[in-house]
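**Student:** After the structure tokens below, expect a handful of questions from me.
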Amino acid sequence: MNQTIKDLLERRSCRSFKPDPIPEELLNEVVKAGTYAPSAMGRQATRLLVIKNKELRDEFMKDNAKIMGVEGMDPFYGAPVIIVVLRDKAFAPSIYDGALVMGNLMNAAHALGLGSIWIHRAKEEFEMDKYQKLLEEHGIEGEFEGVGHCALGYIAGGIKDPAPRMEGHVIVIE
């Protein structure tokens, strides 16, 4: 079987991460893969915030848990790195571009021996003034909203087997 197809079929969401840091070269490869996701009209209307700073990561964690309604829990499952995917609100197709970026990040992570999971509520976080200010502080101009968080790290424990594929997902019209 082709290695790319094998990786796509074997990737799973990780819900338990080791605290070990990710080597810079691996992290850079994952991020680069995200920047090569297809984008509508080649506009590349997404941005990636790579959160390696533990204090900032924990601030995102607390706000995300609060939005989720489960304060005191880590929605990022202990992942040491969070990559937040943002999209330019002025370009409507960028929401889909952001989803493709998330897919590239997670598939690249798997191919490199890392675990990942897509965590939601980035949209609500970036409606908060403090996160808009964070964007401004890092030179991100315009109206950007969160698409998702790619929690990233080494897998602790195992990964569940895939759920059986549901019937009726593929309709062939000849």
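**Student:** Looking at the range 18-59 only, could you name the residues that are open to solvent by less than 80 Å² (accessible area, probe 1.4 Å), part of a helix (DSSP H, G or I) and not aliphatic (A, V, I, L, M)?
**Tutor:** Once the filter is applied, which keeps residues that are open to solvent by less than 80 Å² (accessible area, probe 1.4 Å), part of a helix (DSSP H, G or I) and not aliphatic (A, V, I, L, M), the range 18-59 yields G34, T35, G42, R57, D58, E59.
**Student:** Kindly indicate which of I82, I119, I95 is out of contact with any His (no Cβ under 8 Å at 6 or more places or on another chain) and closer than 30 Å to K6 by Cα.
**Tutor:** Numbers: I82 fails: out of contact with any His (no Cβ under 8 Å at 6 or more places or on another chain); I119 fails: out of contact with any His (no Cβ under 8 Å at 6 or more places or on another chain).
Matching residue, one of I82, I119, I95: I95.
**Student:** Sticking with this structure for a sec: What do you reckon, is R15 open to solvent by 40 Å² or more (accessible area, probe 1.4 Å), touching a residue at least 12 places away in the same chain (Cβ under 8 Å) and either outside any helix (DSSP H, G or I) or touching a Pro at 6+ places or on another chain (Cβ under 9 Å) (or both)? Talk me through it step by step, then tell me what you get.
**Tutor:** Numbers: open to solvent by 40 Å² or more (accessible area, probe 1.4 Å): yes; touching a residue at least 12 places away in the same chain (Cβ under 8 Å): yes; either outside any helix (DSSP H, G or I) or touching a Pro at 6+ places or on another chain (Cβ under 9 Å) (or both): yes.
Yes.
**Student:** Oh, and also: Can you tell me which residues in the range 60-77 are open to solvent by 30 Å² or more (accessible area, probe 1.4 Å) and either assigned to a strand (DSSP E or B) or in contact (Cβ under 8 Å) with a residue 12 or more places away in the chain (or both)?
**Tutor:** We begin by selecting, within the range 60-77, every residue open to solvent by 30 Å² or more (accessible area, probe 1.4 Å); these are 61-62, 66-74, 77.
Within the range 60-77, M61, I67, M68, D74, Y77 meet the criteria.
**Student:** All but one of (1) assigned to a loop (DSSP other than H, G, I, E, B); (2) in contact with a Pro (Cβ under 9 Å, 6 or more places away or on another chain) hold for P162, so report the exception by its number.
**Tutor:** Only one criterion is unmet by P162, namely (2).
**Student:** Based on this model, can you work out whether I82 counts as part of a strand (DSSP E or B) and of a type outside the set (K, R)? Full working, then the answer.
**Tutor:** Details: part of a strand (DSSP E or B): yes; of a type outside the set (K, R): yes.
Yes, satisfied.
The values are calculated or read from the model by the stated rules, or taken from the named source; none is laboratory data. Keep in mind the model is a prediction, meaning the values are calculated, not measured. Reconstructed Cβ throughout: ideal geometry from the backbone, glycine too, with neighbour counts over all protein chains shown. The area values use the complete protein model at the heavy-atom level, side chains included, leaving out ligands, DNA and RNA. Shrake-Rupley method; radii C 1.70, N 1.55, O 1.52, S 1.80 Å.
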